[in-house]
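Asker: The structure under discussion is supplied below as structure tokens; questions concerning it will follow.
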Amino acid sequence: MSKNEFTLARTGKSGNTEHYRVVPQGVGRAVNSLATEYGANSSDVFDEDNGAVNVRPITVGGVEYKYVPFGADDMLPYRVRDILLGNMITAQCQSFNILACYGQGIRFVDRKTHKDTDDSDIRDFCLANSLNECFMEQCTDMKFYYFSVTCIILSRDGKKIVQVRNKDACYVRFEYAPSTQSGTIEHVFFGDFRIGHFEEDQIEVIPLLNYWDPLGDLEVRMGRRPDPVTGLIRKHPVRDRKFAILSAMPTPGRQYYPVPYWSSAMRDAWLDIYRLIGISKRFMIKNTSAPRVQIEVHEDYWENVCDNEGINDPEKRKQRKEKEKQNIIDFVCGVQNAGKALVSSYYVDPNGKENRMVRINTITDGSKKEGGNWSDDMEEAANAICFAFGVHPNLVGATPGKSQMNNSGSDKRELFTLKQAIEKPFHDVMSKPYHVILHYNGWSDKYTVDVPMIQLTTLDEKKDQKKVSTDSNSIDNGDNNQ
């Protein structure tokens, strides 16, 4: 054991006897900063504008725009990300939600057979765009922020959509609709809006297709169909070849950025309760990691040590006293000193009372495990957080152990099936960009989009899992689009 791990902290004095406690190095400073470490309430994160829309100007490429910040200070998505990933329960819940939402991944399938397409153009398109990674990024944005922005890129002649990319929702901002000619959101802005990183000339401006009819809007811009306002077809397509498509889950009162339902975990107290319990347990264990003993030292002891060794220099006497304190610590805490003895004198006063120079008293039972307080409360908080994220605690191991009402294999299989079944609304919303690609590229007559789910099977089926389509009955495992 290192000599620098513990120190003697004076706790008081009774008559001529000073009382000390063995504590870890730096505990005193940590206790002083305990109030600041507990942090603010998580409910303060969603500092919404009470109905008012905050607007900021931005100039990109010499063109002036107005955009709506994501949160009152534009830092909301980063704070949300840090808080959720900083808590092991919320991080695991979100990871599970993302993986469950992904299912078997996005697929272009035959409309009649519902099997993966064998069309070479579609397979080349999927391979060239890493479609699985793109869809996984969509799932991540939808589960964290309830919206995703997909960027489609057309060929130079504008006849085909050749690339699809997901834009990280953290770095997406929407244009202020009343500032545009049409009165709708015409652009999205993509870039780093974090304080200290924001640079206007690094922001990308992407035209946003109509939220309700992205395919129709794209075809009007490219001169493929008449403009519904004028009834005329453009003689020349627009020069843009990159467009954004917004996919968003409906939430009550949404103006620009959705407020996810899981945000109730931050508005409520349970996320704070779980965090505070963890911090309190850490400090409890840290403060009790040293042996719980009380050391009584007669005030003359330190002087006698120096006198017996003939040390007269004040600085050397001070150093010798500190060394003697360390000797006591090593005797109490040092494993290498097991079996050794601490020699200390004592005397008897005229009243017949023994006065020991050093006395070491055990305060607590060394076999008692510290830090076990609030275990039930921590379990309760973990269950409440899992409930807010729509995840059963047993599916993510939030409450492990035989005594925690763990379900049987059949129950867990049904829970997993139910979880994947309720992901269908997310799949339908996130499929919007791929339906646009299918129709614009002329593939929609024969092919459609599907997100097959994973259905866990029973042992009598002699297989671990099978793939189930949301549009048909169970189907055999097929090859990836790639």
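Asker: Filter segment 176-207 down to residues that are part of a strand (DSSP E or B) and open to solvent by 10 Å² or more (accessible area, probe 1.4 Å), then give me how many there are.
Answerer: So in segment 176-207, the residues part of a strand (DSSP E or B) come out as 187-190, 204-207.
Subsequent filtering for residues that are open to solvent by 10 Å² or more (accessible area, probe 1.4 Å) retains 187, 190, 204-205, 207.
Residues in segment 176-207 being part of a strand (DSSP E or B) and open to solvent by 10 Å² or more (accessible area, probe 1.4 Å): 5 in total.
Asker: Would you mind stating whether residue 166 is touching a helix residue (DSSP H, G or I) at 6+ places or on another chain (Cβ under 9 Å) and part of a helix (DSSP H, G or I)?
Answerer: Details: touching a helix residue (DSSP H, G or I) at 6+ places or on another chain (Cβ under 9 Å): yes; part of a helix (DSSP H, G or I): no.
Considered against the rule, which asks whether it is touching a helix residue (DSSP H, G or I) at 6+ places or on another chain (Cβ under 9 Å) and part of a helix (DSSP H, G or I), residue 166 comes out as no.
Asker: Continuing with the same structure: Could you please find all residues in segment 215-244 being assigned to a strand (DSSP E or B) and open to solvent by 30 Å² or more (accessible area, probe 1.4 Å)?
Answerer: From segment 215-244, those assigned to a strand (DSSP E or B) are 242-244; that's our starting set.
Matches in segment 215-244: 242 only.
Asker: Could you check segment 95-118 and list, in sequence order, the residues that are among the small types (Gly, Ala, Ser) and open to solvent by less than 40 Å² (accessible area, probe 1.4 Å)?
Answerer: If we filter segment 95-118 for residues that are among the small types (Gly, Ala, Ser), which is where we start, we get 95, 100, 103, 105.
Hits for segment 95-118 are 100, 103, 105.
Asker: With respect to residue 161, is the statement that it is buried (at least 18 other Cβ atoms within 10 Å of the Cβ) and either of a type in the set (A, V, I, L, M, F, W, C) or more than 30 Å from residue 83 (Cα to Cα) (or both) true? Walk me through how you get there before you give the answer.
Answerer: On the way: buried (at least 18 other Cβ atoms within 10 Å of the Cβ): yes; either of a type in the set (A, V, I, L, M, F, W, C) or more than 30 Å from residue 83 (Cα to Cα) (or both): yes.
It is true that residue 161 is buried (at least 18 other Cβ atoms within 10 Å of the Cβ) and either of a type in the set (A, V, I, L, M, F, W, C) or more than 30 Å from residue 83 (Cα to Cα) (or both).
Asker: Exactly one of (1) within 26 Å of residue 429 (Cα to Cα); (2) in contact with a helix residue (DSSP H, G or I) (Cβ under 8 Å, 6 or more places away or on another chain) is unmet by residue 158. Its number?
Answerer: (2)
Asker: Further, regarding this structure: For segment 282-295, name all the residues that are basic (Lys, Arg) and either within 25 Å of residue 328 (Cβ to Cβ) or modelled with pLDDT of 80 or more (or both).
Answerer: Those that are basic (Lys, Arg) and either within 25 Å of residue 328 (Cβ to Cβ) or modelled with pLDDT of 80 or more (or both): 286, 292.
Asker: For segment 383-482, give me every one of the helices (runs of 4 or more DSSP H) that falls completely inside it and has 2 or more residues that are open to solvent by less than 20 Å² (accessible area, probe 1.4 Å) and modelled with pLDDT of 85 or more. Explain how you work it out, then say what you get.
Answerer: On the way: elements: 393-396, 409-421, 424-430, 432-440.
Of the helices (runs of 4 or more DSSP H) lying wholly inside segment 383-482, those with at least 2 residues that are open to solvent by less than 20 Å² (accessible area, probe 1.4 Å) and modelled with pLDDT of 85 or more span 424-430, 432-440.
Asker: Here's something else I'd like to know. Please specify each residue of segment 260-276 satisfying the condition of being at pLDDT 90 or above and open to solvent by 20 Å² or more (accessible area, probe 1.4 Å).
Answerer: Taking segment 260-276 as the starting set, the residues that turn out to be at pLDDT 90 or above are 260-262.
261, the sole residue that qualifies.
Asker: Residue check, residue 256 against (1) part of a loop (DSSP other than H, G, I, E, B); (2) surrounded by fewer than 18 Cβ atoms within 10 Å (Cβ to Cβ); (3) modelled with pLDDT under 90; (4) of a type outside the set (Gly, Ala, Ser), all met but one. Which one?
Answerer: The single condition residue 256 does not satisfy is (2).
Asker: Please go through segment 229-253 and pick out each residue that is at pLDDT 85 or above and in contact with a Gly (Cβ under 9 Å, 6 or more places away or on another chain).
Answerer: 233, 234, 235, 236, 237, 238, 241
Asker: Can you confirm whether residue 154 is in contact with a strand residue (DSSP E or B) (Cβ under 8 Å, 6 or more places away or on another chain) and either open to solvent by 40 Å² or more (accessible area, probe 1.4 Å) or within 28 Å of residue 191 (Cα to Cα) (or both)? Explain how you work it out, then say what you get.
Answerer: Details: in contact with a strand residue (DSSP E or B) (Cβ under 8 Å, 6 or more places away or on another chain): yes; either open to solvent by 40 Å² or more (accessible area, probe 1.4 Å) or within 28 Å of residue 191 (Cα to Cα) (or both): yes.
The answer is yes for residue 154.
Asker: Continuing with the same structure: Among the residues of segment 77-86, is there at least one that is acidic (Asp, Glu), outside any loop (DSSP other than H, G, I, E, B) and without any contact (Cβ under 8 Å) to a residue 24 or more places away in the chain?
Answerer: yes
The values are calculated or read from the model by the stated rules, or taken from the named source; none is laboratory data. Everything quoted here is computed from the prediction, not taken from an experiment. All Cβ positions, glycine included, derive from the backbone under ideal geometry; neighbour counts span all protein chains shown. For accessibility, only protein heavy atoms count, side chains too; no ligands or nucleic acids. Shrake-Rupley method; radii C 1.70, N 1.55, O 1.52, S 1.80 Å.
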